[in-house]
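Chemist: Supplied in structure tokens, the structure appears directly below.
FYI, it's all coordinate maths here, none of it is from the lab. Since the structure is predicted, the reported quantities are computational estimates derived from the model, not experimental observations. Reconstructed Cβ throughout: ideal geometry from the backbone, glycine too, with neighbour counts over all protein chains shown.
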Amino acid sequence: MNAKHITDFISLADIPTDVLWDWLRTARALKEEWRAGGNKPVLRGKVLGMVFQKPSLRTRVSFDVAMRHLGGEALYLSPQEIRLGERETVPDVARVLSGYVHGIMARVFAHEHILQLAEYATVPVINGLSDFNHPAQAFSDLFTLYEHWHWQDLAGRHLVFVGDGNNVAHSLLYACSKVGMRITVCTPPGYEPRPHVVEEARGFAAQTGGEVRLTHDPQDAVRGADVIYTDVWASMGQEAEAEERRRIFRPYQVNQALVEASGNPNVVVMHCLPAHRGEEITDEVIEGPHSIVFPQAHNRLHGQKAILMKLLG
Ligand code: CP
Ligand code: NVA
């Protein structure tokens, strides 16, 4: 498989390592071009349809602005408008939208709906988060680390995810294992990432020299970490479990003591945001010297540009 055969962006599991690196270098070039005065209008006349079943700040704004910077436009379709799978079927939405727009970016509850959109759309489909994964986030996170470490290879670096083994953790498992990074996912018992994702990631790691580890002990997990990463304890759609999760996840808070337990003075702290300060991460850490949370959020813009250029360009 090579870059020209990739027509959708559904999961990083589908993106070969050489393609991933081509996209990361594209994101770098697009960021440098933009900083030097602006991007070339390579998507002039193109429209991205953005279907949302859930709220969003970063994904919604960064895809929209990325389209504008590249000369195109984006159309925001709110949860109330499309009502994916309720007002009409997902295949019908995919087929109708394909006649109007050049690409569809969708944020859904059920991952199955992203797969259906991709199956029935005749234009590229980009996953803007599902209950299974969040590939656009993890892709731009790799870009953030690539930039943070001065455009050095990422192989051998160790990312420790502390929190819920959910959508963001799944995409980080694929992202890290594809580029030869070590990843440890540290969760409370019962909140581990899905076994098939762990197995797939171990398969990728076996080819790239990476490593995939699961644990329940945060102090032990972070020892020697280059990156400590966390996400909310209750994701969108899990609000009813928030109280119970606050109790279960409390020992997994990324606080100053945990950052220090890494023993690495250069460790960086990441969070996909939105953050629930005082729950999964403290104010002290998010505002502290190890945090790269805001550059990370800003880099969503440059990550999206690379994805859009590769799929819609
Ligand atoms: N990280 C992220 O995807 O943020 P939004 O939910 O605001 O898009
Ligand atoms: N796990 C979080 C990620 C938000 C970007 C959620 O699904 O709500």
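Chemist: Once the piece of chain linking Asp14 and His298 is laid out straight, how much longer is it, given 0.36 nm per residue of separation minus the C-alpha distance between them? Write out the running numbers ahead of the final one.
Modeler: Details: separation 284, 0.36 × 284 = 102.24 nm, distance 2.51 nm.
Stretched out fully, the Asp14 to His298 stretch lengthens by 99.7 nm.
Chemist: Can I ask one more? Lys pairs in the chain, Cα-Cα under 21 Å, at least 8 apart or on separate chains: how many?
Modeler: Count of close lysine pairs: 15.
Chemist: Local charge sum around Leu129 (other residues, Cβ-Cβ under 13 Å, Lys/Arg +1, Asp/Glu -1)?
Modeler: Local charge sum for Leu129: +3.
Chemist: Turning to a different aspect of this structure: For the residue pair Ala155 and Asn266, what label-to-label distance in nm results when each label sits 7 Å from Cα along the Cα-to-beta-carbon direction?
Modeler: 1.9
Chemist: Shifting gears a bit: Once you sort the root eigenvalues of the Cα gyration tensor of the stretch 218-304 as a ≥ b ≥ c, which label holds: rounded (a/c under 1.5), prolate (a/b larger than b/c) or oblate (the other case)?
Modeler: Note, shape of the stretch 218-304 comes out oblate.
Chemist: Moving on. Of the candidates Thr89, Thr208, Thr187, which one comes out as most mobile in a Gaussian network treatment of the chain with C-alpha springs shorter than 10 Å?
Modeler: Among Thr89, Thr208, Thr187, the largest mean-square fluctuation in the Gaussian network model of the chain belongs to Thr89.
Chemist: Now a separate question. Quick one: if you stick a label point 7 Å off each Cα along the C-beta vector at Asp92 and Arg246, how many nm between them?
Modeler: 4.2
Chemist: On to the next question. If you wrap a convex hull around the Cα atoms of the stretch 1-146, how much volume per residue is inside, in Å³?
Modeler: 111
Chemist: Something else: Taking the chain as a Gaussian network, Cα atoms linked when under 10 Å apart, which of Leu48, Leu84, Leu159 shows the biggest mean-square fluctuation?
Modeler: Leu84
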